[in-house]
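The structure appears right after this line, and notes come after that.
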Amino acid sequence: MLRRTLVVAGAIALFGVFASAAMANHAWGTYHWGRTANPVPLTVIDTTSSAWTSYVVTAVADWDSSTVLGLTKTTGTANKRCAAVSGKIQVCNSTYGNNGWLGLASIWTASGTTHIAQATTKLNDTYFNTSTYNNPNEKAHVACQEIGHDFGLNHQDESGADFNTCMDYFSNTGTNASSTDGTHPNKGDSDQLLCIYDPNTSGRTLNSTSTTGRAHACTGTGHVDTSNSWSKTGAGLVARPGSENVLVTHSGRITKITIVRYANPIH
Ligand SMILES: [Zn+2]
Ligand SMILES: [Zn+2]
């Protein structure tokens, strides 16, 4: 079975840019874990080194507080590529190079659906080993954001403004290194998970305001599915010809968004 790969990278913020507009919702497309009932029973395999353990533990606990997610954290090992594990979220760290991203979340969808079948989070120590990024608040922000993407969440904001959610591009570096804003999800994120996964929100709008005064609203599309997407086993994990990879990268003050459409399967 072919699966397509979508990649988004993230957490990574701009300085001195402020936006007043709130995003109406921050679902990542219509991607979600297909499941027959809530909460979604997901295993998060933590393969990170000890320098990341506490941040992964906190992020998983934060996301697990959602009523629609039932997370179990385990530990394991992975190769540098952080090859995905069917039906699970795998979290890795390594020195992935000066490639412009601090963290990268990837989801694979079951062929022909928007149902997530497996996902990974990669944390790039090439940057986190430097004094600029080797900061507890920035590490917490990025770990929380990339794991959040793996549930089908996008960013609440990409301007660099402080929404006090890990799903924004506020950067806990430089003069903001001591700020703990953005180190956890906020009410807008838990609302968005309900809008995606909870059938009781279908057609209803959930509103909230963050501690930094930023509004969030989403209208529910929640439903349950006829099968669990992770039970669909796939033979090779390749990008479907013509499928889209969305790559959002950020380094320092520069945010780069690249959409790559591959002509051939990527192995
Ligand atoms: Zn991101
Ligand atoms: Zn569905």
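Values quoted throughout were computed directly from the atomic coordinates according to the rules given, and no laboratory measurement underlies them. Bear in mind that the values here come from a model prediction, so they are computed numbers and not experimental data. When we count neighbours, we look across all protein chains shown, and the Cβ atoms used for this are built from the backbone with ideal geometry, even at glycine.
Determine which aspartates and glutamates satisfy two conditions relative to Lys88: a Cα distance under 19 Å, and not lying fewer than 8 residues away in the same chain.
Of all the aspartates and glutamates, those that pass the test against Lys88 - Cα under 19 Å, at least 8 places apart if same chain - are Asp46, Asp62, Asp64, Glu146, Asp150, Asp225.
Which of the trypsin sites (Lys or Arg not before Pro) found in segment 24-84 are in a DSSP loop and have at most 13 neighbouring Cβ atoms, other than their own, within 10 Å?
Lys80, Arg81
Can you sort Asp225, Asp181 by how many other beta carbons sit within 10 Å, fewest first?
Asp225, Asp181
What FRET efficiency, computed as 1/(1 + (r/R0)^6) with R0 = 45 Å and r the Cβ-Cβ distance, is obtained for His223 and Thr77, rounded to the nearest 0.05?
About 0.80, to the nearest 0.05.
Mind checking the full-extension length gain between Thr130 and Thr58? Use 0.36 nm per residue of separation minus the Cα-Cα distance, one decimal, nm.
23.7 nm
Work out how much length Thr209 to Thr30 would gain on full extension: take 0.36 nm times their residue separation and subtract the Cα-Cα distance, in nm to one decimal.
62.1 nm
Mind listing the long-range amide H neighbours of Thr165? Cut-off is under 5 Å, sequence gap 5 or more, other chains count too, H placed in the peptide plane at 1.01 Å from N.
Gly182
Sort the following peptides by mean Cβ neighbour count (other Cβ atoms within 10 Å, averaged over residues), highest first: 62-72, 197-207.
Put in order of decreasing packing, that is 62-72, 197-207.
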